[in-house]
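S.K.: This is the structure I want to talk about, given as structure tokens.
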Amino acid sequence: MMSEVAVRPGTPDDLQECARIINDWIDTTAWMPRVAPREEIAASFNSSLLDLRHFLVAHSSGATAGYLSLDAEKCYIHGLYVDKKFRNIGTGTALLNSAKTDFPNGLSLSTFQANAGARKFYEREGFAEIQRRDGDNAEKLPDILYRWQGEVCDR
């Protein structure tokens with residue numbers, strides 16, 4: 001039985017496990033092209049990333065379960081990835097809820113059109129489709145821009 005998911009700010013000690021999670025996802029996702037070697041992605045997960053991004057890490061059963069990385073100025077989520085062993089137990093929801101708490105006025109993100117599971121997840125979590133795009137990204141894959149409006153203020 002898995003323990004509960006706990007979310008906290010990322011530390012330098014978390015980064016290589018987070019790089020492993022995204023690399024494993026790329027390697028096991030048939031439609032996802034690898035545009036950078038594992039080593040290059042791992043090298044990009046260094047302490048400067050924590051200076052550039054709002055970085056949250058989920059832990060469960062004593063292991064790194066997933067992470068969320070976002071640009072705080074633009075309130076834009078660059079990545080939310082969950083280790084395969086920790087999917088469908090609330091890990092992604094815990095990460096997203098933490099980001100929503102930290103940025104209550106709204107968030108945006110993009111996900112690939114081919115990623116049906118992510119699309120279903122984000123829509124279930126209150127994100128609305130804003131725009132479909134033809135693949136102006138490193139992977140050259142069509143994607144969808146989503147937005148969560150956050151708290152609406154009457155003032």
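S.K.: Inside segment 4-43, can you point out the residues that are more than 23 Å from D143 (Cα to Cα), surrounded by 14 or more Cβ atoms within 10 Å (Cβ to Cβ), small (G, A, S) and without any contact (Cβ under 8 Å) to a residue 40 or more places away in the chain?
M.R.: Within segment 4-43, just A42 meets the criteria.
S.K.: Residue check: is G150 of a type in the set (G, A, S), in contact with a Gly (Cβ under 9 Å, 6 or more places away or on another chain), surrounded by 13 or more Cβ atoms within 10 Å (Cβ to Cβ) and part of a loop (DSSP other than H, G, I, E, B)?
M.R.: Considered against the rule, which asks whether it is of a type in the set (G, A, S), in contact with a Gly (Cβ under 9 Å, 6 or more places away or on another chain), surrounded by 13 or more Cβ atoms within 10 Å (Cβ to Cβ) and part of a loop (DSSP other than H, G, I, E, B), G150 comes out as yes.
S.K.: Give just the number: which of (1) hydrophobic (A, V, I, L, M, F, W, C); (2) more than 28 Å from V35 (Cα to Cα); (3) crowded, with 20+ Cβ neighbours inside 10 Å does V57 not satisfy?
M.R.: (2)
S.K.: Hey, another quick one. Within segment 119-129, is even one residue within 19 Å of R8 (Cβ to Cβ), at pLDDT 95 or above, in a loop (DSSP other than H, G, I, E, B) and touching a helix residue (DSSP H, G or I) at 6+ places or on another chain (Cβ under 7 Å)? Full working, then the answer.
M.R.: Keep residues of segment 119-129 that are within 19 Å of R8 (Cβ to Cβ), which gives none.
The answer is no, given that none of the residues of segment 119-129 is within 19 Å of R8 (Cβ to Cβ), at pLDDT 95 or above, in a loop (DSSP other than H, G, I, E, B) and touching a helix residue (DSSP H, G or I) at 6+ places or on another chain (Cβ under 7 Å).
S.K.: For segment 103-113, state whether one or more residues are in a helix (DSSP H, G or I) and buried (at least 19 other Cβ atoms within 10 Å of the Cβ).
M.R.: Taking every residue of segment 103-113 in turn, none turns out to be in a helix (DSSP H, G or I) and buried (at least 19 other Cβ atoms within 10 Å of the Cβ).
S.K.: In addition: Considering only segment 60-69, how many residues are over 12 Å from P9 (Cβ atoms) and surrounded by 13 or more Cβ atoms within 10 Å (Cβ to Cβ)?
M.R.: Within segment 60-69, the first condition is being over 12 Å from P9 (Cβ atoms), and the residues that meet it are 60-66.
Then drop every residue that is not surrounded by 13 or more Cβ atoms within 10 Å (Cβ to Cβ), which leaves 60-61, 63-66.
Selection size over segment 60-69: 6.
S.K.: Between residues in segment 63-81 that are part of a strand (DSSP E or B) and residues that are of a type in the set (K, R) and surrounded by fewer than 22 Cβ atoms within 10 Å (Cβ to Cβ), which pairs lie under 8 Å by C-beta distance while being six or more apart or on different chains?
M.R.: As it stands, the answer is A63/K85; A65/K85; S69/R53; L70/R53; D71/R53; H78/R53, since those pairs meet every condition given.
The values are calculated or read from the model by the stated rules, or taken from the named source; none is laboratory data. From a predicted model like this one, the values you see are computed outputs, not experimental measurements. All Cβ positions, even for glycine, are placed from backbone atoms using ideal geometry, and neighbour counts span all protein chains on display.
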